[in-house]
Each structure stands twice: as structure tokens, then as C-alpha cells.
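So the structure is just underneath, and the comments pick up after that.
The values are calculated or read from the model by the stated rules, or taken from the named source; none is laboratory data. None of the values given here were measured: they were computed from a predicted structure. Backbone-built Cβ (ideal geometry, glycine too); neighbour counts: all protein chains shown.
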Amino acid sequence: MGEPLLKISGLMSGYGDVQVLWGIDVAVNEGELACLVGSNGAGKTTLMRTISGICTATGGSTHFNGVDITSASPNAILSAGIAHVPEGRRLFRGLTVKDNLLLGAYLRKDKDAIEQDLERVYDLFPILRERRRQDATTMSGGQQQMCAIARGIMSRPKLLMIDELSLGLAPKLVEELAETLVEINKQGTTIILVEQDVMTAFELADYAFVVETGKVMKAGPTSELIDDPIIREAYLGM
Ligand SMILES: Nc1ncnc2c1ncn2[C@@H]1O[C@H](COP(=O)(O)OP(=O)(O)OP(=O)(O)O)[C@@H](O)[C@H]1O
Ligand SMILES: [Mg+2]
């Protein structure tokens, strides 16, 4: 296999004087479904934000598709093909589901293809077609999560990053979302998932990165990590 689609080396980042990431190493190959797990405050969200350019790296590098995007702007990173579905969904109040979805495509100029992609996300999440004229923030938590993921897809990303897939959602809905993500992944989008529920994450993903205090303390195929005694005790309560 050639170069990974996303290659992060020694990445450091934080907020002002507060350093949060202390040399993160991550490599994700094209077509993979990877997950990022770790305790509250480990730095998972900060890593997502630094990859997508919302937080500024203070050291190390991020390469995407062979290009150094370490210091690129959020728009440039989105244009390069990374979509970030933020923690807490962040849909726009007062805008319909359809308009929220179209905002995901705001940097694109290919009008016909945008229409096609709108149909594609309505096929992936039929409830969004039904609710397309409703204020997005008046939907249920699960429907809003679908809308946030669909908005991410509307930029036609090569890499889709989802921060906290299952937070606050009923198990049955999480299962449904998981199936849809596998489908999106099969259609060719590489995915990085941040997930509190490590079992769900391991069932869904091929590869996992375990983040603790701003470092990757373990990485490997989920089929191997699930049998790791330390991981079992610390994250799976076994
Ligand atoms: N805007 C901010 N300003 C200052 N410190 C912050 C800010 N956001 C996060 N932090 C700090 O950075 C550290 C990592 O937070 P981060 O949100 O990246 O963790 P996380 O792994 O996503 O946690 P969780 O699982 O709770 O979402 C924490 O100590 C947090 O207090
Ligand atoms: Mg977080």
C-alpha cells in the first residue's frame, strides 16, 4: 500500500498557553474506517479541531492526500476533502434541514452535482427528505445527528470525521447510524469516528487509536485491541 490518506506526525496543539496534544501520531489509509477512543479530556476533540484547522498546530505535521495541510485554513482543508462533524452537531437554528445540508456544500460550485448529492443523502437518511422543510434544530437528537453527518457528506469529502457519534442517542438508533456509516464507507469515503462507547467503536471500525493525555498510547486493528488485557480492563470494563 502507498502513503496513508491522512498522516499525522508529532502533532502538538492546544488553547493559548494550555497545551493539549503532546505529539500525536496517526495514520489512516484510504478506504479505512478508523476510530479514536479515550477518556474525557484526553484530547480527541482537540485533535479533530487541529486536523480541520480550527485549532492551530504548534508542532508536528498533518499530511492529507500527500499535501502538507498543517497550517492550512479551515476552508482550504474542507476543499482538500476533509469534513468535520463537530461534537454537539452544531446545526443552524432558523434554517431548514435542506438549507443546513446545502451549507455543507457552500464551497462547491458544481450545482448539478450538489443536487445529486442532496438526493444521495436523502437516500441514506430518508427521514431528512421527509423533514427537509423543518427547522433542523427542532428535530430529535438522532435526526439532528443524521443531519449533521449528511451535511458533512455534502462537501463530498474523501475523509469524514465524526466527533461523538452516539452521545445521547438510543442504542437502536446508534445501530442504525452505524449501518449507514458502513454503507457510506463502502461507497468510498474514509471515516474517522470519535466514540465514547468503545465497544460500539470497536465493532464498527477496522482500526483504532487510543488517546490518553494528548498522546496515542495504543493503536492497532480493532480485532487485536479487543483482546488486549489493558484495553479490556480500562475501556471495556472486562
Ligand atoms: N476552548 C478551550 N480552552 C481551553 N482548554 C480547552 C478548550 N477546549 C478543551 N480544552 C481542554 O483541552 C483538554 C482536552 O479536551 P478535548 O475536548 O479535546 O477532550 P476530549 O477527548 O474530546 O474529551 P470528551 O471525551 O469529554 O469530549 C481538556 O483538558 C479541556 O479542558
Ligand atoms: Mg470531545
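Residues in segment 42-59 that are in contact with a Ser or Thr (Cβ under 7 Å, 6 or more places away or on another chain) and of a type in the set (A, V, I, L, M, F, W, C) were compared, and the one that is nearest to ligand 1 (Cβ to nearest atom) is A42.
Scanning segment 144-168 for residues that are more than 16 Å from ligand 2 (Cβ to nearest atom) and outside any loop (DSSP other than H, G, I, E, B) turns up Q144, M146, C147, I149, A150, R151, G152, I153, L159, L160.
Within segment 169-184, being assigned to a helix (DSSP H, G or I) and surrounded by fewer than 18 Cβ atoms within 10 Å (Cβ to Cβ) holds for P171, K172, L173, E175, E176, E179, T180, V182, E183. Quick check: anything in segment 74-89 touching a helix residue (DSSP H, G or I) at 6+ places or on another chain (Cβ under 9 Å), over 29 Å from N40 (Cβ atoms) and either of a type in the set (S, T, N, Q) or not in a loop (DSSP other than H, G, I, E, B) (or both)? No. Search segment 185-205 for residues being within 16 Å of ligand 2 (Cβ to nearest atom) and in a strand (DSSP E or B), and hand back the single one that is farthest from G88 (Cα to Cα). Applying the filter and picking the extreme gives I192. Taken over segment 146-175, the criterion of being over 25 Å from K111 (Cα atoms) and in contact (Cβ under 8 Å) with a residue 12 or more places away in the chain is satisfied by I162, D163, E164, L165, S166, L167, G168, L169, A170, L173, V174. For A148, the conditions (1) in the same structural domain as A34 (by TED's automatic domain parsing); (2) within 16 Å of ligand 1 (Cβ to nearest atom); (3) at pLDDT 95 or above all hold with the exception of (1). Quick check: is even one residue across segment 112-133 more than 16 Å from ligand 2 (Cβ to nearest atom) and touching a residue at least 60 places away in the same chain (Cβ under 8 Å)? There is at least one residue in segment 112-133 that is more than 16 Å from ligand 2 (Cβ to nearest atom) and touching a residue at least 60 places away in the same chain (Cβ under 8 Å).
Return yes when A208 is in a strand (DSSP E or B), touching a residue at least 60 places away in the same chain (Cβ under 8 Å) and of a type in the set (A, V, I, L, M, F, W, C) and no when it is not. Spelling it out, A208 is indeed in a strand (DSSP E or B), touching a residue at least 60 places away in the same chain (Cβ under 8 Å) and of a type in the set (A, V, I, L, M, F, W, C). Close contacts from segment 29-47, counting a first residue that is more than 20 Å from T70 (Cα to Cα) and in contact (Cβ under 8 Å) with a residue 12 or more places away in the chain and a second that is within 16 Å of ligand 1 (Cβ to nearest atom) and part of a loop (DSSP other than H, G, I, E, B), with Cβ to Cβ under 7 Å and a gap of 6+ residues or different chains, come to C35/E195; V37/E195; A42/T213.
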